[in-house]
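The values are calculated or read from the model by the stated rules, or taken from the named source; none is laboratory data. Small disclaimer: the values here were computed from a predicted structure and weren't measured. For neighbour counting, all protein chains shown are included, and Cβ atoms are generated from backbone atoms with ideal geometry for every residue, glycine included. Just so you know, the surface numbers come from the protein's heavy atoms only, side chains and all, with ligands and any DNA or RNA stripped out. Shrake-Rupley method; radii C 1.70, N 1.55, O 1.52, S 1.80 Å.
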Amino acid sequence: MQPIKRVVIHEVVVSEIIKYIREHNLKQGDKLPTEKELTKLLGVSRTSVREALKVLKANSIIEIVHGSGIYINITDGVILSYYDTDCEYKQILSRLKELAQVRIMVETFCAVEVSQSISTEQLDKLYEIEEQEDKIISNLNGSSEHNVFISLSLESSIVKIYRNAFIIDFHKRIEELWNKYLIAINSMPYTAELRHEDHLNIIKSMASQNKSKIEKSLRNHIQRMIDVLDKLI
């Protein structure tokens, strides 16, 4: 038998308030129910609600305006998931980290192998793919879709150039799961500008045919995600 984990009521209340924000699709500036209403909705003491609100306020999730109400301050999916005790989100974050580790192995191997015989035309095509995606992200800037733009088109193209059917199918499955989990947490760990810079560095390193540069460029790019996930899991 395993020991039962001690449950602190106000931590559960924090999780329930996070769920309420998600389920009601509340945005920054939207108003939460009052402290009294939350007490009634959740069936807990007013003290527990107050403690939970203190935690959320301290972490800038909400803003409490005396005489006015409780307002949403942050709706970023990754940040909210950190304060959600629901194990489903923790599992998603853990699986994303595992996928990121697999991506480093598969994509680095393919990029190194492909670089030894890649043609100018193929390199130009990789640049073209990246420029197209950068334009898409720029056009989405400021929209609700901007934070969840997900694509491994560049990485998939590199894998396809290697022309190993088994690896291509395997990477396709990785891509499907990657998209699914990132959509679930509704956020990306780095800016569009940083993503674009990383991708250009990957292509340039492949053009150099320098194995250590290729490994470093790919690892640095994917490691950004792992570093964020390590802080949240």
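In table form, for the structure just shown:
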read-out	value
Summed side-chain charge close to K160 - residues other than K160 whose Cβ falls under 13 Å, Lys, Arg +1, Asp, Glu -1	-2
With DNA, RNA and ligands ignored, accessible area of V102 (1.4 Å probe; Å², nearest 10)	40 Å²
Which listed pairs, of K19/K40; K31/K54; K97/K125; K90/K160; K90/K180; K172/K216, have C-alpha distances above 21 Å, in listed order	K97/K125; K90/K160; K172/K216
Rounded to the nearest 10 Å², the accessible area of R46 at probe 1.4 Å	110 Å²
D230, D198, ranked by accessible area, largest first (probe 1.4 Å)	D230, D198
Most to least accessible of H221, H24 (protein chains only, probe 1.4 Å)	H24, H221
By accessible area with a 1.4 Å probe, ligands and nucleic acids excluded, highest first: order of H171, H10	H10, H171
For q = 0.15, 0.18, 0.22, 0.27 Å⁻¹, Debye-computed log10 I/I(0) when each Cα of the range 153-233 counts as one equal scatterer	-0.64, -0.92, -1.25, -1.36
In Å², nearest 10: area of T47 left accessible to a 1.4 Å probe	90 Å²
